[in-house]
Amino acid sequence: MITLDEIDRKLLRLLQKDASTPLDTLGEAVHLSRNACWRRIKALEKAGVIARRVTVLDPVKCGLGLTVFILIRTNAHAPDWLDKFRAATRSLPQVLGVYRMSGDLDYLVRAQVADMADYDRLYQSLIQRVPLSDVSASFVMEQIKDTSELPL
């Protein structure tokens, strides 16, 4: 684990808000020269603290306005089943996140689809690729908060 100082934390907070912020602007905000700021960012990338830089899209404007959480329970817990499940979910572009859970639920899948018919196509594709014992879905009616910003 890398130790982050306050300058690193401030840089990371700014970059989480807008990764395209010019180096001059970042440097002014953290009271470093452009080059010192660039070196810090490169060091954070090399250390893996900055995993990647992305552009966040508006799903509604992209025609993918329905967020669904798919709740999966399975009777299969063998390594070969898990490999098949991983491959299936990773190959489906609508699937944005897959989480192995503790408690009653085995897996939670977050997906972004156009509409209910699109969700049904995703569901059909998933169950054809890997056997599942119990699948249910919850559809987001209102997004109250959604962020990728870590609380640094």
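Shape summary of segment 52-92, radius of gyration then Dmax from alpha carbon positions: 15.1, 40 Å. In segment 9-152, the portion of solvent-accessible area held by carbon and sulfur atoms comes to 52 percent [1.4 Å probe, whole percent, DNA, RNA and ligands not counted]. Toward the positive end of the charge dipole of segment 1-72, with +1 on the Cβ of Lys and Arg and -1 on the Cβ of Asp and Glu, the farthest Cα among Ala29, Phe69, Ile50 is that of Ile50. Compared with the dominant Cα axis of the chain, that is its longest principal axis, helix 116-129 is turned about 80°.
Charge dipole of segment 22-80 (Cα centre as origin; +1 on each Lys and Arg Cβ, -1 on each Asp and Glu Cβ, all else neutral): 200 debye, rounded to the nearest 20. Scanning the chain for trypsin sites (Lys or Arg not before Pro) that sit in a DSSP loop and have at most 11 other Cβ atoms within 10 Å, the longest stretch containing none of them is 62-144.
Placing unit charges on the Cβ atoms of the charged side chains and taking the dipole of segment 57-152 about its Cα centre, the candidate lying farthest along the positive direction among Leu132, Val60, Pro151 is Leu132. Computed from point charges on the beta carbon alone (+1 for Lys and Arg, -1 for Asp and Glu), the dipole magnitude for segment 44-110 about its Cα centre is near 240 Debye.
Computed from point charges on the beta carbon alone (+1 for Lys and Arg, -1 for Asp and Glu), the dipole magnitude for the chain about its Cα centre is near 580 Debye. For Leu108, neighbours were defined as the other residues whose beta-carbon sits under 15 Å from its Cβ, and their charges (Lys and Arg +1, Asp and Glu -1) total +1. Positive-end ranking of Met141, Leu11, Ala111 along the dipole of the chain, with charges on Cβ about the Cα centre, is headed by Leu11.
Quick one: accessible area per residue over the chain, 1.4 Å probe, rounded to a whole number of Å²?
Averaged over the residues of the chain, the accessible area is 69 Å².
Just to confirm the number: angle between the C-alpha axis of helix 79-91 and the first principal axis of the chain, 0 to 90 degrees, nearest 10? Roughly 70 degrees, rounded to the nearest 10.
Seen against the Cα atoms of the chain and their longest principal axis, helix 6-17 is set at about 50 degrees.
Quick check: net charge around Gly65, other residues with Cβ under 14 Å of its Cβ, Lys/Arg +1 and Asp/Glu -1? Charge balance in the 14 Å sphere: -4. Considering only alpha-carbon pairs that sit under 8 angstrom and 6 or more positions apart, the relative contact order computed for the chain is 28 percent. Panel values: segment 23-104, Kirkwood radius from alpha carbon pairs, Stokes-Einstein at 10 °C and 1.306 mPa s, translational diffusion coefficient 92 µm²/s. Hey, if you drop one equal point scatterer on each alpha-carbon of the chain and run the Debye formula without solvent, what base-10 log of I(q)/I(0) do you get at q = 0.15, 0.19 Å⁻¹? With no solvent term, the Cα-only Debye profile gives -0.90, -1.08.
The values are calculated or read from the model by the stated rules, or taken from the named source; none is laboratory data. This is a predicted model, so every value here is computed, not measured. Here the Cβ is made from the backbone with ideal geometry for all residues, glycine too, and neighbour counts use every protein chain on show. Note: accessible area is taken over every heavy atom of the protein model, side chains too, but ligands, DNA and RNA are not part of it. Shrake-Rupley method; radii C 1.70, N 1.55, O 1.52, S 1.80 Å.
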